[in-house]
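Peer 1: Once you've had a glance at the structure underneath, I'll fire off some questions.
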Amino acid sequence: MKYTKHLNRTGYNMTPEAFKASRKELKLTQKQLAESLGMTLNMIQKLEKGDSPIRKVHEYAFRWVALKEHKKELSHEYQEDAFNE
């Protein structure tokens, strides 16, 4: 799945750079990601700057958002295909 290319295969040790790149790949703003994860904007900013450690719970939550976004994209593509038939 393309949304997890920045995540370590084990699901751990995500770097701040990978966290930010993954968010951008999902085309989410920091505020949108914060809302999706139930976090504050300030916390997302700290994670991306490396001022706060990225813990397993952050990675698992991020994966959940990525899967949710991927599912929305697939659903949208399916609806467009069905409309064009």
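Yes/no matrix, rows are residues, columns are (1) in contact with a helix residue (DSSP H, G or I) (Cβ under 7 Å, 6 or more places away or on another chain); (2) among the charged types (D, E, K, R); (3) at pLDDT 65 or above:
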residue: Thr10; (1), (2), (3): no, no, no
residue: Lys20; (1), (2), (3): yes, yes, yes
residue: Leu33; (1), (2), (3): yes, no, yes
residue: Thr40; (1), (2), (3): yes, no, yes
residue: Arg63; (1), (2), (3): yes, yes, yes
residue: His70; (1), (2), (3): yes, no, yes
residue: Tyr78; (1), (2), (3): no, no, no
residue: Phe83; (1), (2), (3): no, no, no
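Peer 1: If you don't mind, there's one more thing I want to ask. Could you check segment 34-56 and list, in sequence order, the residues that are under 13 Å from Pro16 (Cβ atoms), under 14 Å from the mean Cα position of the chain (by Cα) and of a type in the set (Asp, Glu)?
Peer 2: Within segment 34-56, Glu48 is the sole residue that qualifies.
The values are calculated or read from the model by the stated rules, or taken from the named source; none is laboratory data. Quick caveat, the model's predicted, so the values are computed rather than measured. Positions of Cβ are generated from backbone atoms using ideal geometry, with glycine treated the same way; all protein chains shown enter the neighbour counts.
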